[in-house]
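Taken together, the values in this text are just the output of simple stated rules run on the coordinates, not laboratory data. Note that this is a predicted model, so its numbers are computed, not measured. As a convention, Cβ positions derive from the backbone with ideal geometry for all residues, glycine included, and neighbour counts pool all protein chains shown.
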Amino acid sequence: MEGLATLPATVTLATAVCVALVIDRLFGEPPAWAHPVVAMGRYLDWFGPRLWRLPAVTARLGGALAWYLGAVLVLAAALVLDIGVTAVTAATEVAPMPSMLRGVLLGVLLKPLLSWRMLCDEVEAVDQALSHSLDAGRCRLGWLVSRDTAALDEAQVRESAIESLAENLNDSVVAPLCWFLVAGLPGAALYRFANTADAMWGYRDHRLWMGQWAARVDDLLSWLPARATALMLWLAAGRRPDWRAMRAEAAHTPSPNGGWPMGTMALLLGVRLGKPGVYTLHAAGRAPSSEDVRQACRWAGRAVLLSAALLVAGQGVYEGLAHV
């Protein structure tokens, strides 16, 4: 206990991450009315139609300003909650481990910014629906991706589900954890806002101009976590990372980040993944099977645990060296 008390930041981080992941595993997502990401989506959805009708220059400026306003609101809310956690911790007699109480409270608040159980459940639901019919699989996939699923064959439906699992492993779990390590609750909240804005606005269609800033910020904030996610997948599969192969596959996608976890998953499974008319990953691979979907979920689950453990270990080493 005395040794842990000398590493308060590490205890807080470890407790918060464990609590968030346990709540996610046991209870899944909070109701929509209490979900911060749902609130972010409503904010962005309100501005969207009002911005994409504007001329290009005005839409670009309006999109950037709306993004900044949303970011300020998200950061302000997260900071108020963080200050509240600090006040509750300071007022509660739990010595010598106030860091653990702070971690529990932060973990409860961090959970809605992470979404692993729902992601895995939805990907498995697509595969289960395919076992009934192709139309059922296409319909279920439509809950998970924004692309048109009506013309996809069975292999393409599974490809899309596996791609979504790999990409969102970064967006919904690893990246928020990384930014929580860097900047606490405000860091995780700001990342989820940026990622949600990119998911809703960052398209090359009628949203092109208003979504440019959102897409660029998400690219920046996701750059390192996406590569870390790819590394975690290699470690989860028990294989030595092949950076040259990862880099080659990632270069096939328009996104500077999404291709890293998706290409890695394709290489590890030995399957072909792709978006028709846009890109193909591991072109020499076979078509994915139902077992590939299940294996992808298993590896991704291990990658979540590895990411959490390595982040906590990194914080512990840093804090230990700071005390030397």
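Output wanted: per-residue J couplings in Hz (rounded whole) for the range 271-282, from phi through Karplus 6.51 cos²θ - 1.76 cosθ + 1.60, θ = phi - 60°, x for Gly and Pro.
Once θ is set to phi - 60°, the couplings for the range 271-282 become 10, 8, 10, x, 10, x, x, 10, 7, 9, 10, 6 Hz.
Any idea what the relative contact order of the chain is, in percent, if you count C-alpha pairs under 8 Å spaced at least 6 apart? Intermediate results must be reported in sequence, preceding the final value.
Details: 464 pairs, mean separation 71.5, N = 324.
Relative contact order, the chain: 22 percent.
Which whole-Hz ³J(HN,Hα) couplings does the range 32-38 yield from phi under the Karplus relation 6.51 cos²θ - 1.76 cosθ + 1.60, θ = phi - 60°, glycine and proline marked x?
Going residue by residue, I get 4, 5, 10, 8, x, 5, 5 Hz, with x marking Gly and Pro.
Based solely on its DSSP helices, what 222 nm [θ] is calculated for the chain when runs of n ≥ 4 H residues each add -39,500 (n - 2.57) and the sum is averaged over all residues, nearest 500 deg cm²/dmol? Write down the numbers at each step before the final one.
Values: 13 runs with 232 residues, N = 324.
Computed ellipticity for the chain at 222 nm equals -24000 deg cm²/dmol.
How far is the Cα center of the range 133-158 from the Cα center of the range 229-246, in Å?
Taking the Cα centre of each part, the range 133-158 and the range 229-246 sit 28 Å apart.
What is the sum of charges, Lys and Arg at +1 and Asp and Glu at -1, for the other residues whose Cβ falls under 9 Å from the Cβ of A199?
Numbers: positive: none; negative: D171, D198, D218.
Neighbour charge sum, excluding A199 itself: -3.
What's the exposure ranking of H282, H132, going from fewest to most Cβ atoms within 10 Å?
Details: H282 23, H132 10.
Ordered from fewest to most neighbouring Cβ atoms within 10 Å, H282, H132 come out as H132, H282.
State whether the range 164-218 is rounded, prolate or oblate according to the following rule on the C-alpha gyration tensor (a ≥ b ≥ c being the square roots of its eigenvalues): a/c under 1.5 gives rounded; otherwise a/b larger than b/c gives prolate, and the remaining case gives oblate. Mind dumping the intermediate values first?
On the way: a/c = 3.48, a/b = 1.69, b/c = 2.06.
Note, shape of the range 164-218 comes out oblate.
Subtracting the Cα-Cα distance from 0.36 nm times the residue separation, let me have the gained length for A284 to V88 in nm, one decimal. List each step's numbers first, then the result.
Working: separation 196, 0.36 × 196 = 70.56 nm, distance 5.65 nm.
Contour length minus the Cα-Cα distance gives 64.9 nm.
Using +1 at the Cβ of each Lys and Arg and -1 at the Cβ of each Asp and Glu in the chain, identify which of W223, G103, V38 lies farthest towards the dipole's positive end.
Value computed over the given set: W223.
Rank these for me by crowding, L152, L177, L101, going from fewest to most other beta carbons within 10 Å.
Going from sparsest to densest Cβ surroundings: L101, L152, L177.
Residue separation times 0.36 nm, minus the C-alpha to C-alpha distance between L79 and H132: what's the value?
Working: separation 53, 0.36 × 53 = 19.08 nm, distance 4.73 nm.
Using 0.36 nm per residue and subtracting the Cα-Cα distance, I get 14.3 nm.
Mind sorting D219, D45, D242 by how few other Cβ atoms lie within 10 Å of their own Cβ, fewest first? Write down the numbers at each step before the final one.
Details: D219 17, D45 11, D242 14.
Fewest-to-most ranking of D219, D45, D242: D45, D242, D219.
Rg and Dmax of the chain over Cα atoms: what are they, in angstrom?
20.4, 62
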